[in-house]
Each structure stands twice: as C-alpha cells, then as structure tokens.
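Engineer: Sharing a structure, written as structure tokens. Questions coming.
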Amino acid sequence: RNAHPFDVEPRGRGGLLQRFCRLALISTILLDRLSWSSARFLPVHPAQFRFACVEMARARTNTHGLNLRIVLACGLAALQLTGAVSDPRPVTVEARSYAETLTDISNLSTGLQTQLDSGSAGAVLDAASQILAALGAASGTSKRRTARLLLATEAERAADTVVRCGIAPQIISSISSGVSESLALSAAAALNSLYSAPSEISDACTTVLTQALDVLIPYLARDWQQVPATAITQHLSDAIGNSLEALSLMYDRAEVTSSLTATRMAAILTHLENLLALSTHGSLTGESFLAVTSPNVKSRAARLAAPITSARRSGGGNESETTTVTAISFSFVQTTVQMPTMALPTAIAVVPCSTTPSGAAICQTGSVAASLMHFTQFFDPHFYDASASLVIASVLGFQLQAFGLPSFSPITMDSLPSIITLKFLLTTIPSPVRDARGHHKVAACVTWGGDLSSAAPPGGWSRARCTTGDVDGAQFIECFCTRTSYIASVGGGAQHTVLNVPGDCTGTPYGSQSMDGCAVCGGDNSTCRGCDGKVASGLVLDVCLVCGGDDSWCAGCDGFPNSGKTFDECGLCGGDNSTCTGCDGIAIHQSVTARTGLQPTSYDSCVSAAHPNGVCGGCDASCKGCDGETNSGRDYDKCQLCGPHFPASDGQYTVANKDQSCPLGMLDCGSGFVADACGECVAIDADEASRNQGCLGCDNVPRLFGRKVVDACSLCGGNGCSCKDCMDVVNGGAKRDKCGVCMGNNTCLDCFAVPHGPYVLDICGVCGGNNDTSQCSGCDGKIYRRPLTPPRFDSLFKCCPANLVGTGLYPERQLGQSCGDMCNATIGCDEKCSTKPKAVDRCGVCGGGGAPATG
C-alpha cells in the first residue's frame, strides 16, 4: 500500500505474504494499517544498511507467527527474530553481532577460488565486488560503526582486514591469464570495492593494487585511438585515491616504515600518472582538458602538440634532438600551472603507425600527454617525510609523457630552458617575526626529491631549480621552476608544493646570512665598528683625532678644537698681552695688581723729542722745573731765583726782574763784550757755539743753576729712577716674575699661565680637563698625556701610531678612500695604498722585478 515503504504481494497458498524492500534507514516503522495485524517494529539500535530485505509471515491460525529477517546483499543476515504471539504487543529486534556477520562473509569468500578454478574469472570478480560491498556495509569505516553503535575493537578491525585482503589475491588471479573489456571493468570495480574502506587495508592489499594496475593499465593503453571506458578509469582512480589514504593510515599505525611508504607511494603515483595519460587516448591535440576526480586527488589531462620529423618517425632520429612542446595552462582553485612553449632537451619517442581494415596507415603528427595531479584538501602524498608538517600549500604533480606508447615513457624535464610558473594558495603565511639574527620563517617552493636519507633540509624535498616569488595580497605565491615532471636523478615523478621553513635575514630558505652587530644583513660588523675596534660601540674620532673624544683634547681656551688660542699674560683668551703690559714690555696680570698693588710700568710725563711718549718707568725727574713741578718750564736765573712767577714771592723772580737781584746777573763786561747765560763775558761778535759753554746741560740748554746732566739710567735730567730693578738697584738684574714677586719663580701660575688662575692639568694633560681617560687612551689601552697623541686604529683596525695613520677613517672619509686610512701606507705606482707599495723597476715596469727583457 502506498502508505507503507514496501510493495505487498500475495505469494503461494494459505494467504502467506512475503514483503520485500530496499531500505536506506530502518527506524521506527508502523505496521498498524495491515489488515491481519496491528504491530509496531521498534529497533533497539537504529542501524544504517545499504541493502536490506524484510520477510514477514502470518500463520492461518489466530496465533500469529512472526519470522523477521533483515538481510544484506548475498543473503547474509544482519537482524533476525522468530517467535509467536497471541496478542498484539511490542516486539524487540536485536542486531547480529559484528563477529557473526564477519564470519558469514568470510565463509562466502571461500568459494571464490572454486569458481576461479572452473574458469569463471568474471563471475569471481563480480562475486568479490558483492562480498566486498557487503563487508563494507557491515563494517564500514570506524566513524560509521560508531554511528551505528556497532563498535569494532582493534581485533575486529584486524579480522576485517584479513577477510578483505584475503579476497584481494583472487582479483589478481582473475586477470593474470588475460584481460578483456568486461573483465577489466569487473576488476576495476572489485579494486574500488577493495579500497572502499581505507582503514581496513593492509600493506598486502597495496601490493595487490600495484600488481593489478601493472596488468590493467597496459591493457587500457593498447590502442591510442580509443578512450578507455570512463567507468574503468573512474573505478581505478577511486581505488588509487583511497589507497593513498590507506597508506597514510597504515603509516600512522606504524604498520609500514618511511622508506616502504615512500616506495609504495611512488608506485601508486606513477600508476596514477599513467592512468591520467590514458585518459587522453582517443582525444585530439589541443582539446579541452579531461577531468578525473578521485578521493584525495583532482586531476586534469590534455594532449599537447609536439611536432616530430620524418627522420625520427622512420627510426633515424638522433637522440640529441629536441622536441618543441606547445604551451599549456592548468588551473584549480588553490593552484595553477603555466608552461610556455619550449624546446625540451630530449627527443620524444614516436607513436607507431596503425593500419585500418582498409589498409590505410594512421600516424600521429606528434604529441605528448600532459597531466596535472592536484591533491585535494591539502593532502600531502609524502606525509611520511619528516618535513610533512611544513607543507603550507596543495601538493601539485605535473607530468609529460610520450603520447600513445604502452611503455609510458615519462619525459625528463630537468634544467629546462624556460620557466614553468606554478601558483599556490597558502594555508598559512610564514611569520615575519625575526630573531636577533634577523632569521624568520619564509615560504620555499620545493620539488619532491624522494631522498629520505638526506640530512640536508628540507628532507625529501628539494629547492633546486625553483625560485620563490612574493606572497600577494590574496595569499597566493608563485614558484618559478626549471624542473618538473619526471626527474631522472630521482627516478620518478615530481610533485611541487610550498614549505614553511626557516629563512635567513635575506629571506633565503635555510640561508646562512645573519644580521651582524651593525644590523646589516650578511655584514662583517665593519659598518658600525667604532674607532675603538668594537662593534656598534658608536665611538668615532673627534676633531682632535681622539677616539670617542669630545673635542676638548685639542680645544683652545675659547673651547673650540684646534683654535690654538691661549690665555695671554693678562688673562685674556687669545690676547696679545697688550691689556696689561707696561712700556717696558713686562705684563702685570690684573690679579697680581689686585693682590700686590703692582702696576705695569708706564711712561712719565716728560715728553721730549727723545721720549715722545715720556720716559718709560721715569719719575718725571727729567722734566721738572726748579719749582719741582713736572713740565712747569721754570728754571733758575743767574741769581738762583726760580721763575718766572707772578706775583713772585721769596726765592722767585718775575719776568721783569729776572737776573736783576744779584751782581752776577747785573755783570758789566765792558765795551765790546757781553755776559752769556753762564755769567761769563764773551765778545759781542763771538759765534753761538762759543757761548754758554760753561753751563750747557745734556739737553743742550745752558743753566747756571739746575743744569741737566745724564743720570745712571742714561736719561738726561733723570734721577736714576727709570732703571732701578725690583730690589731698587739702579741697573740691577733683579726682576719680578709673573706673580709680581721679585726674583720669584711663577708659583702662582695655573696651567694656562694665568697668575692665581683656577685651572690645573688633568690626567690627560688637558688644562681644565675632567680627568676623562677616554680622551687620551690609545687603541693599545694606554693613556697618553699631552702633548703625546694616542695611537688609533687604521682602516684595517690595526692599532697604529698616530704619526703613521692619517685622518681618513672617522668621520671625514669613507673606508679605503685614502692612504691616510691605512697604517704606514703609501701610494705605489699602481695608485694603490699599501704598506708595501709597488715601485717602478729599472725596466720601467710598475711592480716589476727588474729582470731585463732579453728578447
């Protein structure tokens, strides 16, 4: 009835009803609409089956007989209950145990060999597929068993594997004697069923797959003009995809070693590449890509034009020939590949011509099968390698094969003349955080090399012939490779991916460059090495050529380095002593004046032609009048009176009575004579030179009284005061020092020679310095007091005496720019600085040995 999920049909006499059904899920099924009964089927454990049949029967009597069986394909019971009830009531149906079901399936598989011996290879393969399907329905994956509450133990899983892989040899045996199209399809289906539960696969099953593919793939490749049946290629592709997962699970369970896993994986991937190449058979060159999808792998394949020569077709080709392959571009969501047209460094084998029934020859113009394997969900087929955890992109396999040849000769694509561009979507962006060496994580484009024994990172992956581009804003990265496809040195196909690996400061994967102490990547610490030879000390030569100096070592009294200014004797910086130097050239510092009252020697007021500024150190004696006043101009007359004065007092005369107060002044010499200034009578006609000689002074002025004479200081009219020493001795040798002390030794001078000054020499010999030894320490660690100059490092950081190295290194010039930077170096005839400069020999050769050119 339409209200129930099964078809009802009367069968046989006695009103027996048989009900047959196919159910995807058996849960609570209500049978209360049946006329003969009102029953409710309530499973204790909701269960999921692929195929099931329900058989129910009712007896003629009022006592209801119930025989309920739920069976899998092939008639294997999964749920079963029999009984009799007189009244309607709930009935509980319980599942058969997992072990019981497994025993039933194992018993069925024992008959396969008998069928095989009878020559029914196809029937054996079909039966194997059904048995494996039943085994999959009863067991399934661990996840499905958990959902059904049929929890298998490890022992049960192992038993399942034994049963499953026990059927596998029958598949090989079925195709060992020959393969037909139907037999290939049955074998492919059986292999697909065999690998449908990857968790229950052992290594023995893996070898069965490779053995079966060794038979099936050459069969499918027998005719390059036909496309293999899609059902066959899909079954095989699914089996290969599941086998990859099975290998991963076996490796996780430590059932296979790394090296064995690598061997198995290489064989499986080779078969997958060959299967992809087969998918291009029967297609035309340049047709759209053919897609082949299986668990863990999405693949595409196409034929590329590869023109060949007639000489090669006839077998006369030279193996050194090259074959030009047209460009190709593959694209997936996470990956893309672009290969330009390029001449491969090999001669591609030619597909043999075939003959049609009419006798016509069909020959290929030349092509290759190009296939791309994209491992989905970032599945890494090299999970067994130590670097598997570093993979941050999909794994991509790119393969070129000679088209149509049963041998499936892979084309070596190593050291290509052009670059193949691969683009990957990264799952993780390498961290840009750098350590103290500048090292950080970087993305590295790699190709599978397969050498698990290599100690060099990154394990089985190789960075050879692939360079890495930058990560763009969409998290894609480009790889530029001149290696892909079959690698002769490895002996297998190559896969590409991107690893998250350590990089050096340049971003080179596993590089050795580090930041030096100057924060220069790959530097040698020279760019920030101080003049003290220490990295990043920050010390440079100051203007005074002192390493780390503050320019004070050579500073003048004005504080400016190399100004050369000093305090003069008057205490003035840069002065010329003029502000405190007397007319005698002796400076008296103001501090001395303040302490002792001593003043610089000055000119007196006796200005004359001989002393236009006055007498230096004089006491105005040479120009005092008879009245004792300086420059009064008064002299004694012949009566020894001082004048003139007006009015005149005692002892003085006026102009009118000069020489009138005494007989000498009134002397009458008689006729023809007259009295001169000296009171002597001379003839009136006597010349001037003969007059006044008796009282003529050193100033050539006659004075009868107060005549001037030269004193001990050689001063006319002086009194000897202008040449007295500090001991008051005329023309004595005693002198005052700069401290104003007579016959002193300048004990009051500071280091600037300033009397009573505050400055003293520090440890470096710097006047007024602060005892900073860094201002006078040499590169040898010793202290050099002024006027010694500390040695310093040259451009090669060799400690060199200051007089042997110039000023070129810090801070004026760059390294090596002048000979002044190198210790004891001079420029040779080759215009190069050297401690052993080249010279022109006697033959005129720069740096020559002087050997004559004998001809």
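Engineer: Is the C-alpha gyration tensor of the range 248-305 telling us rounded, prolate or oblate? Criteria: a/c under 1.5 is rounded; beyond that, a/b larger than b/c is prolate, otherwise oblate. Each step should come with its number before you reach the end.
Structural biologist: Details: a/c = 4.79, a/b = 2.77, b/c = 1.73.
Verdict is prolate for the range 248-305.
Engineer: Place +1 on the Cβ of every Lys and Arg and -1 on the Cβ of every Asp and Glu in the range 542-675, take the dipole about the Cα centre, and give the residue among HIS589, THR566, CYS642 whose Cα lies farthest towards its positive end.
Structural biologist: Going by the charge dipole, the pick is CYS642.
Engineer: Please report, to one decimal in angstroms, the Kirkwood hydrodynamic radius of the range 544-689 built from all distinct Cα-Cα pairs. Walk me through the numbers before you get to the answer.
Structural biologist: Numbers: mean 1/r = 0.0477 Å⁻¹.
Kirkwood radius, the range 544-689: 21.0 Å.
Engineer: Grab the Cα-Cα distance for SER173 and VAL540, subtract it from 0.36 nm times how many residues apart they are, and report the gain in nm with one decimal. Present the calculation step by step, with values, prior to reporting the outcome.
Structural biologist: Details: separation 367, 0.36 × 367 = 132.12 nm, distance 8.68 nm.
Length gained between SER173 and VAL540: 123.4 nm.
Engineer: Over 30 Å between C-alpha atoms is what I'm after, so list which of LYS782/LYS836; LYS624/LYS724; LYS565/LYS782; LYS534/LYS836; LYS565/LYS724; LYS565/LYS798 land there.
Structural biologist: Checking Cα-Cα distances, LYS565/LYS724; LYS565/LYS798 exceed 30 Å.
Engineer: Count the net charge of all other residues whose Cβ sits under 14 Å from the Cβ of GLY617, scoring Lys and Arg as +1 and Asp and Glu as -1. Show your work: numbers first, answer last.
Structural biologist: Working: positive: LYS724, LYS735, ARG736; negative: ASP584, ASP604, ASP620, ASP711, ASP725, ASP728.
Once all neighbours under 14 Å are counted, the net charge is -3.
Engineer: Still on this structure: Around CYS466, under 12 Å between beta carbons, what's the net of Lys plus Arg minus Asp minus Glu among the other residues? Please list the in-between numbers first.
Structural biologist: Values: positive: ARG463, ARG465, ARG483; negative: ASP414, GLU478.
Here the count lands on +1.
Engineer: Carbon and sulfur atoms: what percent of the 1.4 Å accessible area of the range 638-698 do they account for? Could the numbers behind the result be given before it?
Structural biologist: Values: 2010 of 3740 Å².
Carbon with sulfur: 54 percent of the solvent-accessible area.
Engineer: Can you grab the distance from the C-alpha centre of the range 196-249 to the C-alpha centre of the range 419-467, Å, no decimals?
Structural biologist: Answer, in whole Å: 32.
Engineer: Based on the Cβ-Cβ distance from GLU255 to GLN113, what FRET efficiency comes out when R0 is 22 Å, to the nearest 0.05? Before the final figure, lay out the partial values.
Structural biologist: Details: r = 27 Å, r/R0 = 1.21.
Approximately 0.25, to the nearest 0.05.
Engineer: Fully extended, how many nm does the chain gain between SER671 and SER354 (0.36 nm per residue separation, minus their Cα-Cα distance)?
Structural biologist: Details: separation 317, 0.36 × 317 = 114.12 nm, distance 17.99 nm.
Once the chain is fully extended between SER671 and SER354, it gains 96.1 nm.
Engineer: Of the listed peptides 655-667, 389-401, 263-275, what is their order by residue-averaged count of other C-beta atoms within 10 Å, with the highest listed first?
Structural biologist: Details: 655-667: 14.3, 389-401: 24.2, 263-275: 22.2.
Highest-to-lowest ranking by the protection proxy: 389-401, 263-275, 655-667.
Engineer: Which order do peptides 683-692, 247-256 fall in by mean Cβ count within 10 Å, highest first? Walk me through the intermediate numbers first.
Structural biologist: Values: 683-692: 11.1, 247-256: 16.0.
Those peptides, ordered most packed to least, come out 247-256, 683-692.
Engineer: To continue, here is another question. Working out 0.36 nm times the residue gap between GLU245 and VAL227, then minus their Cα-Cα distance, what length gain in nm do you get to one decimal?
Structural biologist: Numbers: separation 18, 0.36 × 18 = 6.48 nm, distance 2.79 nm.
Stretched out fully, the GLU245 to VAL227 stretch lengthens by 3.7 nm.
Engineer: Still on this model: Can you give the net charge of the other residues whose Cβ lies under 15 Å from the Cβ of CYS799, counting K and R as +1 and D and E as -1?
Structural biologist: Working: positive: ARG529, LYS534, LYS782, ARG792, LYS798; negative: ASP532, ASP780, ASP794, ASP821.
Summing Lys/Arg as +1 and Asp/Glu as -1 gives +1.
Engineer: To continue, here is another question. How much FRET efficiency would the formula 1/(1 + (r/R0)^6) give for THR322 and GLN377, where r is the Cβ-Cβ distance and R0 is 30 Å, rounded to 0.05? Please list the in-between numbers first.
Structural biologist: Numbers: r = 39 Å, r/R0 = 1.29.
The value I calculate is 0.20.
Engineer: Let me ask you something else. Quick check: with the 1.4 Å probe, what order do ILE105, ILE763 take by accessible area, largest first?
Structural biologist: Values: ILE105 0, ILE763 70 Å².
Largest accessible area first, the list is ILE763, ILE105.
The values are calculated or read from the model by the stated rules, or taken from the named source; none is laboratory data. What you are looking at is a predicted structure, and each value in this text was computed from that prediction instead of being measured. We place every Cβ from the backbone using ideal geometry, glycine too, and count neighbours over all the protein chains shown. Keep in mind that these areas ignore ligands, DNA and RNA; they rest on the heavy atoms of the full protein, side chains included. Shrake-Rupley method; radii C 1.70, N 1.55, O 1.52, S 1.80 Å.
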